[in-house]
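Taking it in order: structure first as structure tokens, then the write-up.
The values are calculated or read from the model by the stated rules, or taken from the named source; none is laboratory data. Keep in mind that this is a model prediction, so the values were computed, not measured. Here the Cβ is made from the backbone with ideal geometry for all residues, glycine too, and neighbour counts use every protein chain on show. Ligands, DNA and RNA are stripped out before the accessible areas are found, and what is left, the full protein with its side chains, is counted by its heavy atoms. Shrake-Rupley method; radii C 1.70, N 1.55, O 1.52, S 1.80 Å.
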Amino acid sequence: MKADTKAEREFMEQKKNKLLSDMIQNDTDKKMVQLVEAATDLSCGDICTLLEVAHSLPFVGNLEGGDTYINVLTREKESMVIAQYRHPNYDLYKRSIIGEIERREDEPAVYRALEEGISGRGLIGIIDEGRTVVRHTVSPILNSEKKVIGGADIRISQCQCRYRVYPYYQ
């Protein structure tokens with residue numbers, strides 16, 4: 001059902017904002033919401049979806065044995081990390097990278113997921129300013145209208161990979 005009047009639209013927006021505030025569990029969530037609001041035009045509902053995915057990052061990271069991330073495309077069409085789970089045994093960066101911009105030439109699969117909505121598995125990425133080569137799997141995050149609002153990414157250091165690596169060529 002579509003909100004027809006201004007009052008109905010305002011009520012729906014208040015309801016979404018309440019849902020968003022209820023979903024924020026800690027300071028990391030607050031920082032993520034602030035980054036997304038400052039760098040994108042995503043809706044409150046989209047941010048709630050990103051928070052849901054962010055809350056599952058530790059489970060995915062522990063299952064796969066790697067670090068997990070969520071990226072969004074900024075207004076300037078750059079990939080920015082908004083959420084990160086640093087695996088206790090395989091912390092690739094040894095620091096938080098939340099809020100950092102990733103270069104297209106280093107992370108083509110992330111940009112492909114964000115811009116074209118295409119997933120990739122076992123792809124090569126270069127992280128930490130060219131210091132580390134990783135195998136990663138990237139998937140777009142879609143909202144209820146099937147629009148790409150972000151990308152989920154798991155990265156595993158090449159030295160710990162158990163699988164054959166399939167490079168991605170632009």
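Ranking of HIS87, HIS55 by solvent-accessible surface, largest first: HIS55, HIS87 (1.4 Å probe, protein heavy atoms only, all chains present). Over the chain, DSSP H runs of length four or greater, each weighted -39,500 (n - 2.57), average out per residue to a 222 nm ellipticity of -12000 deg cm²/dmol. For region 8-71, the Kirkwood hydrodynamic radius from C-alpha pairs, put into Stokes-Einstein at 10 °C and a viscosity of 1.306 mPa s, yields a diffusion coefficient of 125 µm² per second. Once you sort the root eigenvalues of the Cα gyration tensor of the chain as a ≥ b ≥ c, which label holds: rounded (a/c under 1.5), prolate (a/b larger than b/c) or oblate (the other case)? The shape class here is prolate.
Each Cα pair under 8 Å and six or more residues apart adds its separation to the average, and for region 18-160 the resulting relative contact order is 21 percent. Highest average first, the peptides 150-156, 61-67, 105-111 ordered by how many other beta carbon atoms sit within 10 Å of their residues are 150-156, 105-111, 61-67. Taking each of LYS94/LYS147; LYS6/LYS30; LYS77/LYS146; LYS31/LYS94 in turn, the alpha-carbon distance tops 22 angstrom for LYS94/LYS147; LYS6/LYS30.
All other residues whose Cβ lies under 11 angstrom from that of GLY117 are scored, Lys and Arg at +1 and Asp and Glu at -1, for a net of +1. In order along region 135-142, the phi-based Karplus estimate (6.51 cos²θ - 1.76 cosθ + 1.60, θ = phi - 60°) of 3J(HN,Hα) comes to 9, 9, 10, 10, 9, x, 9, 10 Hz; Gly and Pro are listed as x.
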